[in-house]
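**Q** Sharing a structure here in structure tokens format.
A short reminder: the numbers here are calculations on the coordinates, not readings from a lab. Computed from a predicted model, the values in this text were never measured in an experiment. Quick reminder, even Gly has a Cβ in these numbers, built from the backbone with ideal geometry, and neighbours come from all protein chains shown.
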Amino acid sequence: MPGDDLFAERLRKVEKLRAEGVPVYQIDFSPSASIAEARARAGGGAEDAVSVAGRIMRLRPQGGAAFADLEDESGRMQIWLRADHMGDAYRIVGSLDLGDIVGVAGTLTKTRRGEPSVLADSATLLVKALHPPPEKFHGLQDQETRSRKRYLDLLSSEDSRRHFATRTTILRSLRRTLDSRGFLEVETPILQTIAGGGAAVPFMAHWNALHTDVYLRIAIELHLKRLLVGGYARVYEIGRVFRNEGLSPRHNPEFTLLEAYQAYATYDDMRVLTEALVVDAASAAGPQPQTDDAGEPPCENPMLRRFAGRTIDLTPPYAARRMADLIEEQLGVDVVDRWDDMYRVARELGVDVPAGHGPGAVMLEIYEQLVEPAISDPTFVLDYPAEVSPLARKRKDDPRFVERFELVVAGRELANAFSELNDPIDQRRRFAEQAAMRAAGDDEIPPIDEDFLEALEVGMPPAGGLGVGVDRLVQLLTGAGSIRDVLLFPTMRPQHRTAIAHEPLAHESPSERAEEG
RNA sequence: GCCCCCUUAGCUCAUCGGUAGAGCAGCCGGCUUUUAACCGGUUGAGGGAGGUUCGAUUCCUCCAGGGGGCACCA
């Protein structure tokens, strides 16, 4: 109820204004300048007429005059309202609350203290805010509320707005880098009957008209390869994929994946492309704007980023090392030499591996547990075991391995690429091996996608393929410790589960209901 | 799914086995160059449900949400 008191108070003001014939939700107001423009002109000594609009972030009434700090996306500026200047129109001041959106027409000026201001001739209430904004000095601190009600976070924090705008800057950079290399941006289905292209449990949805279940995609890969079969030489998609997994600071059930495929290229070409994508994005994002948690001073070089307590140097070229070599260097074990003895190797190293794995999967386990976390600066880890890479081309010199790399930064996988497998017979055999694992109970292995195999049978040019975890890249470039800090609306648990569970399922669309209603 | 921690007023924070205190916001009043405006007055609260106790916000159990870790995660 106490929260309702504030709400009720503002509703009361709405009623009062309406009774006086003052519109509370205006639609007509065209500011002549953004607040940043107006502020710059006033600061430069201009005294011409101007009109601005924005949200009231601070309000300092003092009897016959009042000062309001108005904020729009461009910035913040003081409005100076004077009774002796506005006459009757000054009454509006009594109706204004923090959070209201107002339009102000007046004259640019500076106060005695030198503050650039708009001396108001008139002030128009454009939107009455019925809820009070977060605390004007400390802002919104509660992490949960910031995520759930992102609008409050954004409206009370310029840092937050800048932070998410940087995400867009990075996304633009990724597109620019690919576009400039002749890649065609495409869009492929999210609703799929088989969610393939990776190993993950998909989300399920129901298609009423066909009385059939469909899945949300877990990867983009198989459709982009179909497009290579169709004759496009370079395609990419930046889009949302969905994986039915738990939440963590590094995982959100829906996340943004960039996948790019290039005909007549290998994973070596993808390495060059990956490096360009990261370096361009880092340049676009610019130097890190602020000190981080560790209190390190900001650095002017956009290639140096503080992240996860480490300083990361993104200056190319990046190291490129074979996984087997990294293991041998750091652990002193030649896993290629002891291939058939891999379980014993794992045991010797203290790596816990579930039974039933082949040597390749065990080797990957060793790498992921003991080697990967220590990698800090960007490193291309080359040549994964074929066993764990069903869609990649095997190495000619050693078919136990495939031409595949992951780009690892700060101990985390940022990108994944391979020379794509385009032998439909080999692909069918490897899918069959995977299918056996699915039959054995691994529900992360998708069923065999016959349509994709048929496409390969038509003939896919040799190609390199690349996937980039865009959210993780944005985390790296913004220093965000949690993936939730780079998603405007991260996935959250519903707050009132029982209420939702009791809600009857609506099988009709809103428009159908409207027609009936 | 498991473990640890957190949840106090609209917001930001205190306190405590003895009935909760402040700042901002709100309300009333004052104030025509302020800017986290100021001055006086004032309303408002311990996530939910149980339990222990003379008495619980505090201790215990369960539930919900959040944070972190693990598991899961190409």
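**Q** How far apart, in nm, are two points set 7 Å out from the Cα along the Cα-to-Cβ line at A:ARG176 and at A:ARG91?
**A** Going from the A:ARG176 label point to the A:ARG91 one covers 5.3 nm.
**Q** Rounded, prolate or oblate: which fits the stretch A:33-105, taking a ≥ b ≥ c as square roots of the Cα gyration tensor eigenvalues, rounded meaning a/c under 1.5, else prolate when a/b beats b/c?
**A** oblate
**Q** Using modelled amide H (1.01 Å from N, peptide plane; none on Pro or chain starts), what sits under 5 Å from the amide H of A:ARG395, excluding residues fewer than 5 places away?
**A** Amide H neighbours of A:ARG395, under 5 Å, 5+ apart: A:PHE401, A:VAL402, A:GLU403.
**Q** Quote to one decimal, in nm, the extra length available between A:GLU158 and A:GLU73 on full extension: 0.36 nm per residue of separation minus the C-alpha distance between them. Walk me through the numbers on the way to the answer.
**A** Details: separation 85, 0.36 × 85 = 30.60 nm, distance 0.85 nm.
Roughly 29.7 nm would be gained on extension.
**Q** Here's another thing I want to ask about it. Can you grab the distance from the C-alpha centre of the stretch A:319-381 to the C-alpha centre of the stretch A:100-114, Å, no decimals?
**A** Cα centroid to Cα centroid, the span is 65 Å.
**Q** For A:ALA129 and A:SER248, what does the FRET efficiency come to when R0 = 30 Å and r is the distance between their Cβ atoms, rounded to the nearest 0.05?
**A** Values: r = 36 Å, r/R0 = 1.19.
About 0.25, to the nearest 0.05.
**Q** Residue by residue, what Karplus-based ³J(HN,Hα) values in Hz, rounded to whole numbers, does the stretch A:121-131 have, using 6.51, -1.76 and 1.60 with θ = phi - 60° and x for Gly and Pro?
**A** 8, 8, 10, 10, 6, 9, 9, 8, 7, 8, 10
**Q** Please quote Rg/Rh for the stretch A:210-349 to two decimal places, taking the Kirkwood radius as Rh and restricting both calculations to Cα atoms.
**A** 1.05
**Q** Same structure again: Take the Cα atoms of the stretch A:69-132, find their three principal axes, and give me the spread along each one in whole Å, biggest first.
**A** Cα extents, longest axis first: 34, 30, 17 Å.
**Q** OK, next. Can I get the semi-axes of chain A's equivalent ellipsoid? Compute them from the C-alpha gyration tensor as square roots of 5 times the eigenvalues, in angstrom, largest first.
**A** Those come to 54, 28, 22 Å.
**Q** Separation between the A:ALA276 and A:ARG338 pseudo-spin-labels, each 7 Å from Cα along Cα→Cβ, expressed in nm?
**A** My value for the distance between the label points is 4.2 nm.
**Q** Give me the extension gain from A:ASP268 to A:LYS136: residue separation times 0.36 nm, minus the current Cα-Cα distance, reported in nm with one decimal.
**A** 42.3 nm
**Q** Name the residue farthest towards the positive end of the dipole of chain A from the options A:THR107, A:SER482, A:GLN434, assuming +1 on Cβ of Lys and Arg, -1 on Cβ of Asp and Glu, about the Cα centre.
**A** The listed residue farthest towards the positive side: A:THR107.
**Q** Can you work out ³J(HN,Hα) from phi for every residue in the stretch A:369-381, in order, using Karplus 6.51 cos²θ - 1.76 cosθ + 1.60 and θ = phi - 60°, giving whole Hz and x for Gly and Pro?
**A** Residue by residue, the stretch A:369-381 yields 7, 10, 10, 4, x, 7, 6, 10, 5, x, 9, 7, 9 Hz.
**Q** Can you list the lysines whose alpha carbon is less than 23 Å from that of A:LYS396, not counting same-chain residues fewer than 8 positions off?
**A** A:LYS225
**Q** Could you pull out every one of the aspartates and glutamates with an alpha carbon less than 17 Å from that of A:LYS149, ignoring same-chain neighbours closer than 8 positions?
**A** Correct list for A:LYS149: A:GLU135, A:GLU158, A:ASP159, A:ASP485.
**Q** Stick to Cα atoms and the Kirkwood definition of Rh, then tell me Rg/Rh for the stretch A:2-133.
**A** Ratio of gyration radius to Kirkwood radius for the stretch A:2-133: 0.97.
**Q** Also: How far apart, in nm, are two points set 7 Å out from the Cα along the Cα-to-Cβ line at A:TYR151 and at A:ARG82?
**A** 3.7
**Q** A:LEU59's amide H: which non-local residues (gap 5+, or another chain) put their own amide H closer than 5 Å, with H modeled 1.01 Å from N in plane and none for Pro or chain starts?
**A** A:ASP69
**Q** In addition: How big is the dipole moment of chain A about its Cα centre under a simple scheme where the beta carbon of each Lys and Arg is +1, that of each Asp and Glu is -1, and everything else is neutral? Debye, nearest 20, please.
**A** Computed about the Cα centre, the dipole is about 1700 debye.
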